[in-house]
Amino acid sequence: MYERFYEFTAAPFQLTPDSRFYFESRAHSRAAAHLTFGLAQGEGFVVVTGEVGAGKTTLIERLLSQLDRDTYTVARINTTQVSGDDLFRLAMAGFGVDVTEASKATLLLRFEDVLREHHLAGRRGLLIVDEVQNLPLPALEELRMLSNLTEGGRAGLQTILMGQPQFRRMLASPDLDQLRQRVLASYHLGPLSREETRAYVLHRLTTVGWHGNPEWEEAAFGAVFDHTGGIPRRINRLCARVLLYGALEESGEVTAAMVETTAEELAMDLEGGAAALALAGTGGGRPIGFAGPREEWGELSHRLAALESKVARRERVFQRLLDVFAAAGGPVA
């Protein structure tokens, strides 16, 4: 909806990872360098960790868009709450091995045949495993075992492991010493800085044809950073709602106040009214418990009035949404 109002060619803040929107922050640049170095070694493991929504998958999508597919055969595993045997079979299936009614020994022989064919064709196998922090130790041991397979004097398979920060603690376990010794490159992807958050927002807007409409108040970028901590997925979620707010209000400017209001609404939607009330109480005022009775009542009344104003605004927005759907012939029930 807001894409049409602001004449964008696509949604700039979609949550689905897309290499078109890849943003070369300092952390992402270093992570990409570690990936490139690791792949150049042609063996072992490359590890990339980061908070939820830090941009790990977008980083991998960017890498895959640049890989020579005549050189690499890529398999990806995104479902990782599985046993060691299931992970082994998922990996085999990812490389085109028929896993139906076959023993583990048979699958290994079939996989070795696949690696031999790749070697003769000048290709390399690359396995990418996401959410690796959810894997049990036996599953990680299966991955280590696969890294031992060789063909023509070189490793037949290389693996990229992506996960949340707790995987780094797992990797430090004595039980994973053999796997850890095969890690050739490792990088932790941190959040964007305040300056990078501003550049990230503008980058995504420019990618979809933004030419200054809506205009962004400088303080609005700071408010986005304050409410997201520089985590790209949180930035996307917040900015998408801010633009929807702007479109429904037919505003040609994004202000810090719009960002603040939208962040509070998101908190109410996702965490409940208590979180929203706590947010509404921030901004320099004293906590209720530290005020006198009369001052306390006045502050509480002010907060309730602010919440009532937000609810009224949301009702106006909802009604406008209904009007838009009705005009488009969509369901309004």
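The values are calculated or read from the model by the stated rules, or taken from the named source; none is laboratory data. Because the structure is predicted, anything quoted here is derived from the model rather than measured. Cβ sites come from the backbone with ideal geometry, for glycine too, and all protein chains shown count toward neighbours.
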* Of all the residues that make up the range 1-51, how many are closer than 30 Å to G153 by Cα, more than 18 Å from the chain's Cα centre (by Cα) and not in a loop (DSSP other than H, G, I, E, B)? -> 10
* Asked: So, of the residues in the range 129-181 that are assigned to a loop (DSSP other than H, G, I, E, B) and among the hydroxyl-bearing types (S, T, Y), which turns out to be surrounded by the most Cβ atoms within 10 Å (Cβ to Cβ)?
  -> S147
* To do: Only residues that are more than 25 Å from the chain's Cα centre (by Cα) and without any contact (Cβ under 8 Å) to a residue 12 or more places away in the chain: list them for the range 128-172, please.
  => M145, N148, T150, G153
* Can you pull out the residues in the range 206-220 that are of a type in the set (D, E) and in a strand (DSSP E or B)? -> E215
* Asked: Is there a residue being over 28 Å from M170 (Cα atoms), in a helix (DSSP H, G or I) and outside the structural domain of I235 (by TED's automatic domain parsing) anywhere in the range 52-60?
  -> no
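Yes or no, residue by residue, for (1) of a type in the set (K, R); (2) assigned by TED's automatic domain parsing to the domain that holds G50; (3) out of contact with any Cys (no Cβ under 7 Å at 6 or more places or on another chain); (4) crowded, with 21+ Cβ neighbours inside 10 Å:
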{"position": "V224", "(1), (2), (3), (4)": "no, no, no, yes"}
{"position": "G229", "(1), (2), (3), (4)": "no, no, yes, no"}
{"position": "N236", "(1), (2), (3), (4)": "no, no, yes, yes"}
{"position": "R241", "(1), (2), (3), (4)": "yes, no, yes, no"}
{"position": "A247", "(1), (2), (3), (4)": "no, no, yes, no"}
{"position": "G252", "(1), (2), (3), (4)": "no, no, yes, no"}
{"position": "T255", "(1), (2), (3), (4)": "no, no, yes, no"}
{"position": "E264", "(1), (2), (3), (4)": "no, no, yes, yes"}
{"position": "A267", "(1), (2), (3), (4)": "no, no, yes, no"}
* Structure fact -> Checking T16, T49 in turn, the sole residue that is of a type in the set (S, T, Y) and at pLDDT below 90 turns out to be T16
* Asked: Does E101 qualify as being surrounded by fewer than 12 Cβ atoms within 10 Å (Cβ to Cβ) and free of Cβ contacts under 8 Å to residues at least 60 places away in the same chain?
  -> yes
* Check L126, L107 and return the single one that is modelled with pLDDT of 90 or more, outside any helix (DSSP H, G or I) and out of contact with any Gly (no Cβ under 7 Å at 6 or more places or on another chain). => L126
